[in-house]
Amino acid sequence: MNKFFITLGLAAALVGLQSCGGNTPENKASTEVAEEASDFKYKVDQFADLSILRYKVPGFEALSQQQKVFVYYLSQAALAGRDIIYDQNYKHNLSVRKTLEAILSAEGMDKNTEEWKGFETYAKRVFFSNGIHHHYSSDKLKPACSQAYFEGLLANISEDQLPLNGKSKADFVSFIAEVIFSDIDNKRVSADPKTDLIQSSAMNMYADDITQKEVEEFYKAKKSPNPDRPLSFGLNSKLVKENGEIVEKFYKVGGLYSESLEQMVYWLEKAKTVAENEGQKEWLSLLIQYYQTGDLQTFDDFSVAWTKATEGDVDMIHGFIEVYNDPMSYRGSFESIIEIKDPEASSRMAALAENAQWFEDHSPIDKAHKKSKVVGISYKVVNAAMESGDAAPSTPVGVNLPNSNWIRKVYGSKAVSLGNIKNAYEEAGGPGMLDEFAWSQEEKERAIKYGVLSNNMRTALHEVIGHASGQLEQGVGTPKETLKNYSDALEEARADLVALYYLMDQKLVDIGVIPNLEVGKAAYDAFMRNGMMLQLRRLEPGAIIEQAHMRNRAMISHWIFEKGQAEGVVTEEKRDGKTFFVINDYEKMRTLLGQLLNEVQRIKSQGDYKAGQALIENYGVQVDARIYQEVIDRYAHLDSAPYGGFIQPKYTVIKEGDEIKDVEISYPDDFIQQMLEYGKDYAFLPVN
């Protein structure tokens, strides 16, 4: 639940303007050439609603040889889990992906036709989304070529290149065409409370015959050995029925996803041999044990050890972590991010973590919902060195983990900002968004001057202070139990509200992290533009808002707009037939943000489902058709895509005999080629 996302379009508005045995890749030659900084091209492709970017990895060359090998081993552990996210997202995703890979790898295809271009665009969208549903909206992707053309392509592919899984080729073609072109399984994750959330969602975390009521009853009967330290039930398992009884099939070696997990364990064992310190070795050992056993207590032990291990230049997020892709918020999607510390940037932001208790004490939330002692918060600016699973190609720009509330309370958390990812978004952004959607010259100039800083500070406050703040009342269940399908949106709203509230606080100036409160004003401007208008460009006509982050932004901005109407805090203005939302009183807006923060924290602390439902449904779901169409029309002429994602760096080991002497980094620039290489080198799971 603790990720912070930014889209390419939003970045432009703010600044104005990647095994053992035969699959071991250690000896592969690198064909890409590392580029000089002045020649580095950040944006390499654009199609549909997506831009394909690249990011540099500052600091890698300065690492020691041991540290470079550490990064390499961790990167291989990350990529070993790539198949898992495809299978978690949808039961037929691996079949679809392998079919697309077979067609794209075939020789003799006429690639100059519009139909081929349409097919290729569809393939790239599937790769980007780790499956056949949109990575953000979770709607089923529609092929940009005809079914007849697609079946014609398959006619040219030999049977041994297709994932037939026991079917005849004719039966397979019929099956895969129906999966891709029909209207079945149209929504990966449903957020419609009027439906059975499990039955109406196509994600592959529950057997097809499991219902929402059965899930609720199954976990209601689960009891943690220590109620004060509840286990994350469901995080690493799939619910299925055996002889009419619901049972959990755990993700572990010898269990579900064993083939990929065996590869992860192989590389993590190698990583232990070159870890920087004993703290890293401890959490690596526990992570390996967790993957070998599937034991959730071991996962908590790992999470504590990982949280406490703050020394060293290299770190890793790895596992079944975020629960957005489960409509019931139990099951974690596989993801991994390898990080290299940026010490200079981290030192500039350390003041936030050092003042975490001050922020908690001065929060506008009820005293009973405040932590009396905020512990263990660490905040670092890092550079991503590799991303995989649910963190790639689309990636967050900030992360705060672990997600367990009790671990946060007792041991704290780690918050990171992915500096090179944010930089890549900014470098790839173009002019035009501010000219189109900012009301005044003053607003534009403020965004140009302070937009990047304000966005960095909002990310930092969101992750370091926001997700780490507040506490549940005694005896209240976890948010996924009490707030159910609204828990994710409300948690993101809580963290955003904390960030926005403090961005207009003199304390940030006093501790030296911003020069003045104009930074806060720039953040308020950008948030209202996005929440009221810009994010609507991601939706299809007639759609409602379903994604948790989007619901959060819509809820906050529309609530502020409504509650401030009487005093004109934010007004809707018109110029040349265009709509603008203008903040007239930033201090009063801050007061309203504090009031909403207090209510959202109360809802979470008390587990008030009805109040949480009302907030999200009344302010964060519905779309004003008039504003939507206007945004689409105004956005159409801007050369920008709503979403951006990344090609990963490539690491190549240099050996003398069996000894690794160095690791070289290069930056591929062909998205499809990287996807095909990954499909060949990191395909471990069988097609079911």
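The values are calculated or read from the model by the stated rules, or taken from the named source; none is laboratory data. Remember, predicted model here, so these are calculated numbers, not experimental data. So basically every Cβ, Gly included, is an ideal-geometry build from the backbone, and we count neighbours across all protein chains shown. SASA here: full protein model, heavy atoms, side chains in, ligands and nucleic acids out. Shrake-Rupley method; radii C 1.70, N 1.55, O 1.52, S 1.80 Å.
Per-residue answers, yes or no, for (1) open to solvent by 10 Å² or more (accessible area, probe 1.4 Å); (2) at pLDDT 95 or above; (3) more than 30 Å from Lys610 (Cβ to Cβ):
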position: Gly512; (1), (2), (3): yes, no, yes
position: Asn516; (1), (2), (3): yes, yes, yes
position: Met528; (1), (2), (3): no, yes, no
position: Ile556; (1), (2), (3): no, yes, no
position: Gln595; (1), (2), (3): yes, yes, no
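Working carefully through the options Asp670, Asp624, find the one that is among the acidic types (Asp, Glu) and under 17 Å from Trp559 (Cβ atoms).
Residue meeting the stated conditions: Asp624.
Considering segment 229-330, the qualifying strands (runs of 3 or more DSSP E), each wholly inside and each with 3 or more residues that are under 30 Å from Lys380 (Cβ atoms) and of a type in the set (A, V, I, L, M, F, W, C), run over 314-320.
Looking only at residues in segment 79-115 that are open to solvent by 10 Å² or more (accessible area, probe 1.4 Å) and basic (Lys, Arg), the one that is farthest from Ala177 (Cα to Cα) is Arg82. Identify, please: which residue in segment 337-381 is assigned to a strand (DSSP E or B) and touching a Ser or Thr at 6+ places or on another chain (Cβ under 7 Å) and is, among those, modelled with the highest pLDDT? Among residues in segment 337-381 that are assigned to a strand (DSSP E or B) and touching a Ser or Thr at 6+ places or on another chain (Cβ under 7 Å), the one modelled with the highest pLDDT is Ile338. The sole residue among Ala522, Ala493 that is out of contact with any His (no Cβ under 8 Å at 6 or more places or on another chain), under 24 Å from Ser138 (Cβ atoms), assigned to a helix (DSSP H, G or I) and open to solvent by less than 10 Å² (accessible area, probe 1.4 Å) is Ala493. The residues of segment 658-674 that are surrounded by 19 or more Cβ atoms within 10 Å (Cβ to Cβ) and touching a Pro at 6+ places or on another chain (Cβ under 9 Å), listed by number, are Ile665, Tyr667, Phe671, Gln674.
Answer yes or no as to whether Asp208 is of a type outside the set (Phe, Trp, Tyr), open to solvent by 70 Å² or more (accessible area, probe 1.4 Å) and under 30 Å from Lys140 (Cβ atoms).
yes
Residue count for segment 574-593 under the criterion of being open to solvent by less than 60 Å² (accessible area, probe 1.4 Å) and not aromatic (Phe, Trp, Tyr): the result is 8.
Each residue in segment 448-470 was checked for being over 22 Å from Val381 (Cα atoms) and more than 24 Å from the chain's Cα centre (by Cα), and 1 of them qualify.
One residue alone among Lys655, Lys610 is assigned to a strand (DSSP E or B), among the charged types (D, E, K, R) and open to solvent by 50 Å² or more (accessible area, probe 1.4 Å), and that residue is Lys655.
Residues in segment 268-276: is at least one modelled with pLDDT of 95 or more, open to solvent by less than 40 Å² (accessible area, probe 1.4 Å), within 30 Å of Leu94 (Cβ to Cβ) and not aliphatic (A, V, I, L, M)? Checking segment 268-276: not a single residue is modelled with pLDDT of 95 or more, open to solvent by less than 40 Å² (accessible area, probe 1.4 Å), within 30 Å of Leu94 (Cβ to Cβ) and not aliphatic (A, V, I, L, M). Screening Lys167, Lys241 for residues that are open to solvent by 40 Å² or more (accessible area, probe 1.4 Å) and farther than 30 Å from Lys480 by Cα leaves exactly one candidate, Lys167.
Please determine whether any residue of segment 419-436 is touching a Gly at 6+ places or on another chain (Cβ under 6 Å) and charged (D, E, K, R). So far as segment 419-436 goes, no, none of its residues is touching a Gly at 6+ places or on another chain (Cβ under 6 Å) and charged (D, E, K, R).
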